[in-house]
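No value in this document is a laboratory result; all are computed from the given coordinates. Since we're looking at a predicted model, the values are computed, not measured. No Cβ is skipped: glycine too gets one built from the backbone with ideal geometry, and neighbour counts run over all protein chains shown.
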Amino acid sequence: MEILVYGIGGVGGYFGGKLAKAGYDVSMIARGKHLESIREKGLEVESINGNFTVHPKLATNNLSEVPTPDLVILGVKSWQVFEAAEAIKQIIGKNTMVLPLQNGASNAEKLMDVLPKKNVLGGLCRIIAFIDSPGKIKHPSIEPHVTFGELDNTKTARILQLKEIFDNAGVKCEIPEDIQLEIWKKFLYITTVSAIGGLTRVSIDEILQSDYLKDMMRKTAEEVLAVANKKGIALTREHVEKALKVAAQQPKGTTASTQRDIMEGKPSELENFNGYIVKEGEKCQISTPVNRLLYELVLPMEKEARKA
């Protein structure tokens with residue numbers, strides 16, 4: 001099994017590291033000092049489940065060096081998916097599986113704009129991990145979990161094989177009955193907390209101390225629900241309530257990754273979260289005033305970040 005991990009940040013680094021540790025042939029695409037360190041000393045993972053260091057089969061920034069993969073795991077941000085698809089299309093084979101693990105509801109759609117539909121899977125993950133220093137991934141909390149499936153939810157042989165691969169690597173994983181629903185459930189939560197967090201610049205527990213902001217979160221989620229239902233996604237009001245409950249259960253000081261990007265002046269996933277709901281709402285003739293407000297308020301910061 002030839003595996004390519006495209007993007008060795010927190011997500012790609014952790015899951016790619018676990019697969020390499022399990023003995024799979026893993027190639028890693030990285031850049032700069034991070035790549036140099038992986039080449040020289042291997043990829044170090046500091047994890048609540050045990051620390052380890054792996055030496056991947058190949059670490060490079062040149063895709064022409066990479067053998068045709070059986071599996072590509074995309075570890076980039078959602079706003080980088082289209083660019084990643086353009087890059088990997090030169091090396092994928094007719095049977096290559098491409099697994100996106102980004103936040104966002106439209107990653108598979110973006111991939112299929114560039115790659116054959118038969119190559120694309122649906123996927124998401126739950127993990128808190130990040131680059132701690134060049135060549136080192138830190139996983140400080142949350143049991144990592146990967147969810148994936150065929151876009152039509154059929155239990156194909158390759159999907160069962162993929163589950164076996166993750167099982168062998170000691171990664172908790174699941175093939176759900178409805179992969180699109182699972183993607184949107186996570187998208188609902190992330191979209192509800194991220195932009196508000198970026199604007200207030202405080203943790204989720206502090207946001208929830210305000211009845212006004214709590215109500216704004218609910219309205220944000222309800223707009224996501226309306227757009228999802230119009231698109232045929234089986235989200236329900238119960239999923240909205242659960243997302244709000246999950247937000248309320250977060251430990252003190254918790255912030256969303258997109259919120260942190262906004263606060264640090266980095267390019268964020270704004271377009272793929274609130275921006276996506278605004279644009280899909282227009283297509284579906286669904287009013288999304290709260291998401292529009294959040295999107296427009298953060299957008300000037302987003303444009304500034306992308307000039308850097």
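In terms of its C-alpha gyration tensor, segment 181-307 comes out oblate, because a/c is 1.5 or above while a/b does not outweigh b/c.
In the chain, the DSSP beta bridges split such that about 35 percent are antiparallel, to the nearest 5.
The chain: longest stretch without exposed GluC sites (Glu not before Pro) (DSSP loop, at most 16 other Cβ within 10 Å), sites themselves excluded? Spell out each step's value before the answer.
On the way: sites that count: 177, 264.
No qualifying site falls inside 1-176, the longest such stretch.
Sparsely packed loop sites in segment 163-222 (the trypsin sites (Lys or Arg not before Pro) outside DSSP H, G, I, E and B with at most 13 other Cβ atoms within 10 Å) comprise 201. Seen from all directions on average, segment 9-114 presents a Cα convex hull projection of 7.0 nm². Computed extension gain for residue 109 through residue 200, at 0.36 nm per residue and net of the alpha carbon distance, reaches 29.6 nm. A simple count of charges around residue 293, restricted to other residues whose Cβ falls under 12 Å of its Cβ and scoring Lys, Arg +1 and Asp, Glu -1, yields 0.
Summary of the geometry: segment 48-73 and segment 138-163, compared by the centres of their Cα atoms, lie 18 Å apart. In this simple spin-label model, placing a label point 7 Å from the Cα along the Cα-to-Cβ direction at both residue 242 and residue 132 gives a separation of 3.2 nm.
Note on the chain: dipole from Cβ charges, positive end direction compared against 284, 121, 297; the farthest Cα belongs to 297. Only Lys, Arg, Asp and Glu carry charge here, each on its Cβ (+1 for the first two, -1 for the last two); on that basis the chain has a dipole of about 140 debye about its Cα centre. Under a Gaussian network description of the chain, with springs only between Cα atoms under 10 Å, the residue in 274, 107, 119 that fluctuates furthest is 119. Which of the pairs 117/230; 33/242; 21/214; 89/163; 89/219; 138/279 have their Cα atoms more than 31 Å apart in this structure? Table pairs above 31 Å Cα-Cα are 33/242; 21/214; 89/219; 138/279. Under 5 Å from the amide H of residue 132 lie the amide H atoms of 137, 138, each residue being 5 or more positions distant or on a separate chain, with H modelled from the backbone and absent for Pro and chain starts.
Is any helix in the chain, taking whole DSSP H runs, at least 24 angstrom long along its axis by alpha carbon and on average at least -0.5 on the Kyte-Doolittle scale, and which ones?
Values: long enough: 179-200 (32 Å, 0.80); 211-230 (29 Å, -0.53); 289-307 (27 Å, -0.42).
Helices passing the filter in the chain: 179-200, 289-307.
Anyone know which of 157, 84, 234 comes out most mobile in the 10 Å Cα GNM of the chain? Among 157, 84, 234, the largest mean-square fluctuation in the Gaussian network model of the chain belongs to 157. The stretch between residue 287 and residue 160 holds 41.7 nm of extra length on full extension. This uses 0.36 nm per residue minus the Cα-Cα distance.
Think of each Lys and Arg Cβ as +1 and each Asp and Glu Cβ as -1; about the Cα centre, that makes the dipole of segment 181-307 roughly 180 debye.
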